[in-house]
1. All but one of (1) more than 15 Å from LEU500 (Cβ to Cβ); (2) at pLDDT below 90 hold for LYS551; state the number of the condition that does not hold.
2. Taking PHE290 as meeting all but one of (1) part of a loop (DSSP other than H, G, I, E, B); (2) modelled with pLDDT of 95 or more, write down the number of the exception.
3. List every residue pair whose Cβ atoms lie under 7 Å apart, where the two residues are 6 or more positions apart in sequence or sit on different chains, the first residue falls within the range 367-395 and is over 28 Å from SER409 (Cα atoms), and the second residue, located anywhere, is of a type in the set (Phe, Trp, Tyr).
4. Those residues that are assigned to a helix (DSSP H, G or I), at pLDDT 95 or above and not aromatic (Phe, Trp, Tyr), I need them from the range 454-471; list them, please.
5. Kindly list, by first and then second residue, each pair from a residue in the range 226-253 that is within 24 Å of GLY349 (Cβ to Cβ) and in the same structural domain as LEU424 (by TED's automatic domain parsing) to a residue that is in a loop (DSSP other than H, G, I, E, B) and modelled with pLDDT of 90 or more, limited to pairs with Cβ atoms under 9 Å and residues at least 6 apart or on different chains.
6. Please state which one of LEU394, LEU429, LEU420 is at pLDDT below 90, in the same structural domain as ASN264 (by TED's automatic domain parsing) and assigned to a helix (DSSP H, G or I).
7. Would you check which residues across the range 186-209 are in a helix (DSSP H, G or I), more than 17 Å from ALA341 (Cα to Cα) and in contact (Cβ under 8 Å) with a residue 60 or more places away in the chain and list them?
8. Only one residue in ARG161, ARG171 is surrounded by fewer than 18 Cβ atoms within 10 Å (Cβ to Cβ), under 30 Å from ARG336 (Cα atoms), charged (D, E, K, R) and at pLDDT 95 or above, so which one is that?
Amino acid sequence: MKHRTITVLFFLISFLRGETFLLSVRPRTLHGTLFSNLKKETADETLVETTPELPHTHRPFQWKRNWYPVAIETELDPNLPHQVTVLNEPYVVWRQPVSGEWLCFKDACPHRLAPLSEGRIDESGTLMCTYHGWEFASDGSCARIPQASEAVAATALKSPRACASPVPLRRHLGMLFIWPDATEEGHREADVTEIPTPPQLKEDPSLLSGDDTLNARYLAYNWDTLVENVMDPAHVPHAHHGIQGNRKRAGPLDMEVLRTDSTNITLSFALEGRETTPTVLSLRPPSLLFYSFDFSQFAGKAQKIAGIGRFLRRMMGKPVKTRHLSWEGLAKGGARGMLIAYLCPVRPGVSRLFSMFPNNFLDSPRPRWHDHVFNRNRVLDSDMVHLHFQERELRALTKDQEDASAATSRAFYMPTQSDLGVRLFRSWLGETGGGQVGWTRGGVPLVEDLGLNWRDRTKILNRWEQHTKDCSACRDALQRIRAGRRIAKVMSLLSGAMFLFFSPVVAATATWSMARVVALRWGQVFLLLLSAGCALLSSRLGKMEEWFLFKDYRHGIDS
């Protein structure tokens with residue numbers, strides 16, 4: 001079933017949240033700011049192909065000494081340990097039941113390297129390895145070795161070799177972040193390093209007021225491919241046509257460099273020739289990328305849609321959330337929104353995207369699962385296959401010991417200003433990031449390192465493995481749909497059986513009064529319609545179930 005049945009309201013909300021950033025942003029001079037002395041890139045093709053050089057850094061980039069998102073806190077069962085993977089190394093995240101504190105260890109028991117994520121959280125507050133029963137306290141020290149006598153335990157429990165390896169963990173914006181460096185120096189640096197956060201969230205707390213758009217999905221391509229994709233607004237009207245863009249409105253982008261250094265790449269961009277409000281795109285490598293939109297010009301439209309949204313929330317029994325700004329204030333320049341993306345390098349060929357869309361003026365009336373299934377996942381599906389095979393083609397062209405960033409300079413032809421963000425990111429990765437992700441295990445990921453050569457689209461676009469099984473809203477919705485489908489199927493069979501049962505009864509009504517015959521025949525018609533309706537409902541729910549498991553996306557059909 002195509003998504004054409006989604007209401008006009010939802011389309012307009014998606015338009016405001018997604019597509020409008022391509023309509024927005026005429027570059028403007030930011031006088032009096034730290035960006036004021038930077039030169040604008042010209043549209044001349046001979047200059048566009050020249051990427052502004054990033055300042056060289058003398059210290060090698062420390063991939064493990066950064067904060068990476070690993071989970072949405074509310075999606076984790078606090079009674080179980082959970083495995084997460086960062087930089088190709090597994091970790092176990094668990095909550096200490098007494099203190100309520102979330103903790104993270106390397107996912108290997110020091111005894112025989114069994115995964116601690118397959119263990120259990122003991123009533124005493126320790127994490128138990130269920131292979132041999134070793135137990136570990138919150139600080140990683142070994143609390144119990146069941147096989148050890150008192151004499152052996154007196155020595156063994158004090159040995160550093162008996163300890164699990166804890167890594168720093170923090171809660172931030174509803175997510176859990178880890179710092180995947182277990183060394184003492186790494187812990188000290190983590191203590192004084194903040195998790196990167198868009199400055200707009202500090203300036204305008206109303207952006208996060210009541211925001212429930214946080215979402216996560218694993219993606220079938222590498223971290224650098226993910227960053228490159230999100231740094232590229234020019235692909236949106238084509239790759240996401242009909243969801244977050246419109247290919248008929250695509251055109252050249254004016255892009256202006258606001259800042260480029262080893263910690264911050266910031267641009268502004270606009271459709272060429274459009275006199276609209278700036279959109280700013282900023283990358284704070286390696287884990288944060290965000291867009292900042294000014295929707296003041298759409299405040300009138302947003303006010304009407306928000307009114308409809310409040311009405312629908314009341315109809316659905318949901319509380320109506322109040323925004324802090326007046327509509328007059330929004331129209332004068334206060335209507336702001338963001339796309340915030342936190343990016344995690346999981347392993348070669350797999351990344352994970354955590355995204356949220358905070359704004360200070362509009363609440364979406366749609367349930368979370370509906371937004372995930374029919375909006376967020378469709379956006380990611382619509383270019384997943386492109387990126388999966390683009391990456392494989394790039395790795396196939398990578399020479400021995402050559403990083404992907406060096407290969408892109410030979411493999412990619414990027415003559416327009418619209419590719420400026422991609423060129424700047426690839427320049428950062430080559431000059432500052434060491435040319436590739438600093439995987440804990442393994443070197444330069446070649447094609448054979450990316451896992452199976454997935455020609456099977458059901459694996460590339462596997463919504464269950466990539467999202468649904470980790471999302472409580474979508475899991476619950478899927479369970480309700482499956483229950484509804486079973487009930488509809490049973491109702492269809494029962495009403496159909498009753499229809500067949502009454503058929504011979506109707507045939508033997510020659511001596512009955514006309515009123516009884518008519519009533520019986522109408523009852524028979526009702527049973528037939530009920531059986532057909534329930535069968536149709538069961539079929540439709542079966543189709544809807546596919547949206548949570550696997551939904552193919554082919555541009556020749558779906559866009």
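The values are calculated or read from the model by the stated rules, or taken from the named source; none is laboratory data. Values in this document were obtained by computation on a predicted structure and should not be read as measured data. Cβ sites come from the backbone with ideal geometry, for glycine too, and all protein chains shown count toward neighbours.
1. (2)
2. (1)
3. VAL373/TRP547; VAL373/PHE548
4. Scanning the range 454-471 gives ARG463, GLU465, GLN466, THR468, LYS469, ASP470.
5. VAL227/PRO285; VAL227/PRO286; ASN229/TYR221
6. It is LEU394.
7. If the condition is that a residue be in a helix (DSSP H, G or I), more than 17 Å from ALA341 (Cα to Cα) and in contact (Cβ under 8 Å) with a residue 60 or more places away in the chain, then GLY186, GLU189, ALA190, SER206 are the ones that fit.
8. Checking each option against the conditions leaves just ARG171.
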